[in-house]
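S.K.: Dumping the structure here so I can ask a few things about it.
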Amino acid sequence: CISTTCNFDHRAFSESATQALLVIGQTYSIELLQFSSAETGIFLLILLIFSSIGCYLSPLSLHLLSPIQSNQLCLFFLGLFTAGAAGFVKDAGQKVLFYVFAIFWGACGGWKYTIERYLTCTIIPKGQDAELMGLYLFSGQVLTWLPPLVFAAMNEAGVSIRISMLSLLLFWFIAIVCLQCMGSYDKVIREANDGTDEARTESPNCERDNVVREEELGNEESKIDA
């Protein structure tokens, strides 16, 4: 259905930008802020720790928002903090400020992965779990090459690394639009339930067809034996 397609489209763009943020953030810190290897390690450790803490933001947000709205808000904050880092962190004297943005990035990352999986699991019709979760994993990898390519192309063209980093915002914006195209969460759940009911209606026919095939095969084996 359309809502499931929009959800996978959203994941393709949001996941590619989020994964690229890790690589671009390291490049930004080394080239602009002159991070040492130890400071880069601290940056990655902060992301890891606060991504674990950020997982708890997802259930808290569901008290006020639907999973679709919560996902949109998370992507908005990811874009906001990325724009803030590009706008305010300008030289090596602002390393601590960059660590602060790493805290926000980590928290939003944990929030994103939790709410994203929750949303996907709740809108998948029963009986289609394996195939659609396979598409879910595929959609998260299909565009991972694109944001780093755009960043590298802008950087090689002489564009400021601060502006190049803002290219990630385009991917998160497209992801938010895809989520908006899904419609209301209640409508998406109804569509998923309708798909489950249709599968249940068709399953007796499939069982009868299988019985007929088995009988035909049995008759053919009897003729061969005779």
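The values are calculated or read from the model by the stated rules, or taken from the named source; none is laboratory data. A quick note: this is a predicted structure, and the numbers were derived from the prediction, not measured. Positions of Cβ are generated from backbone atoms using ideal geometry, with glycine treated the same way; all protein chains shown enter the neighbour counts. For the accessible areas, the whole protein counts, side chains as well, though only heavy atoms, and no ligand, DNA or RNA atoms are used. Shrake-Rupley method; radii C 1.70, N 1.55, O 1.52, S 1.80 Å.
S.K.: At 222 nm, what helix-only mean residue ellipticity would the chain give, in deg cm²/dmol to the nearest 500, using -39500 (n - 2.57) for each DSSP H run of four or more?
M.R.: About -28000 deg cm²/dmol.
S.K.: If you don't mind, another one. For a Förster distance of 30 Å, can you work out the FRET efficiency between the beta-carbons of Ala38 and Val159, rounded to the nearest 0.05?
M.R.: Given R0 = 30 Å and the Cβ-Cβ separation, E is 0.55.
S.K.: Could you tell me the calculated FRET efficiency between Glu131 and Leu80, based on Cβ-Cβ distance and R0 = 30 angstrom, to the nearest 0.05?
M.R.: 0.25
S.K.: Express in Å², to the nearest 10, the accessible area of His10 obtained by rolling a 1.4 Å probe over the protein heavy atoms while all chains stay in place.
M.R.: That residue has around 0 Å² of solvent-accessible surface.
S.K.: Which of rounded, prolate or oblate describes the range 74-148 when judged by the alpha-carbon gyration tensor and an a/c cut-off of 1.5?
M.R.: Prolate, since a/c reaches 1.5 and a/b exceeds b/c.
S.K.: Hey, can you list the DSSP H helices of the chain whose Cα span along the axis is 18 Å or longer and whose average Kyte-Doolittle score is at least 0.5?
M.R.: Span-like helices here: 37-54, 67-88, 95-123, 168-181.
S.K.: I would also like to ask the following. May I ask for the Kirkwood hydrodynamic radius of the chain, worked out over all distinct Cα pairs and given in angstroms to one decimal?
M.R.: 19.9
S.K.: For Leu48 and Asp194, what does the FRET efficiency come to when R0 = 30 Å and r is the distance between their Cβ atoms, rounded to the nearest 0.05?
M.R.: FRET efficiency, Leu48 to Asp194: 0.15.
S.K.: Describe numerically, in nm with one decimal, the distance between label points set 7 Å from Cα along Cα→Cβ at Gln94 and at Glu31.
M.R.: 1.7
S.K.: About the Cα centre of the chain, how large is the charge dipole given +1 on each Lys and Arg Cβ and -1 on each Asp and Glu Cβ? Please answer in debye to the nearest 20.
M.R.: 1460
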